[in-house]
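First up is the structure itself, then whatever we jot down about it.
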Amino acid sequence: MKAVLATDLSAASEATIENETCLECLGRIGTEEMHLVTVIPSNVHRGMPGIDFETRRRKAIEKYERVIEDAGFDVETHVVRGTPHRRITGLAETVGASLTVVGSRGKSPLENRVIGSTARNLARTTETPLLVNRIERAAEDPAVVRKHLFQRMLYATDFSENAERAFESFSYLRHATQEATLVHVETPKDPGLSNDGDPEAQLGELADQLEAWNIETRTEVRQGDPADEILAAEESHNPTTILVGSRGHSRLRRLLLGSVSEDIVARANGNVMLVPPSRA
């Protein structure tokens, strides 16, 4: 299993790389090969006198390459130019990555809608599962908020095909997961809701699968706004990571309206794993 680990070499994005527990969790789910990438934004000019950005970044990324190698992974480093989320997405597709990991301090929903962020843009465009590793929001020397990445999972489902695809991630996450909370939010405004069957029974069937893997599982049906209720469930159950599928709305609708998954990426207190629809 290959993973792309993106860094802008800031203190926040370096936190995942330097945290032994985070790396151990990635290894536990089957990751063997890491592609460490840093992107020099297009608006940083090559010709600025006295500054060689590529050389600086290559030297800076070398120490993180050694850290990841010492943790037992095969590592390749990439220093590239362009728009960060596009180059990260492109690299993940090129190397056949099963997971993209990016650190994020998180921002207010308004700030994200106005200026965007690499994490939010990746949430809109990624074609591989995306793990947003939450970093402390107000700290000079930030650390990861919940370093046991997959130990306690909160899985949110509307019983759609894309939600089912996200649930399939437990086939490898189970090697690092001890507890899971399965949440469904009922709302008449949601066109993706399933009207077939009892949501409690449907959650129960999913819970049985996880219990068979010795994952302690609880279920919960809530009513209200999906993003608000999922974040309220996070507050109640304190998971290390929220697992959610992306519906893959059209690009225009994503840009204008956002989505439940993007709101969760922006507003969650802990880590978020977003699983996009199948390209097929």
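We did not get these values from a lab; they are worked out from the coordinates using the rules stated. This is a predicted model, so every value here is computed, not measured. Note: ideal-geometry Cβ built from the backbone for every residue, glycine included; neighbour counts use all protein chains shown.
Some points to look at:
- Protection proxy ranking of 214-227, 164-177 - average other beta-carbon atoms within 10 Å, highest first: 164-177, 214-227
- Length gained when the stretch Glu127-Thr187 is fully extended (0.36 nm per residue, less Cα-Cα span): 18.8 nm
- For the pair Arg165 and Asp225, the difference between a 0.36 nm per residue extended length and the Cα-Cα distance amounts to 19.4 nm.
- Among residues other than Glu20 with Cβ under 11 Å from its Cβ, the summed charge is -2 (Lys and Arg +1, Asp and Glu -1).
- Förster radius 41 Å - calculated FRET efficiency between Glu54 and Ser236, Cβ distance, rounded to 0.05: 0.30
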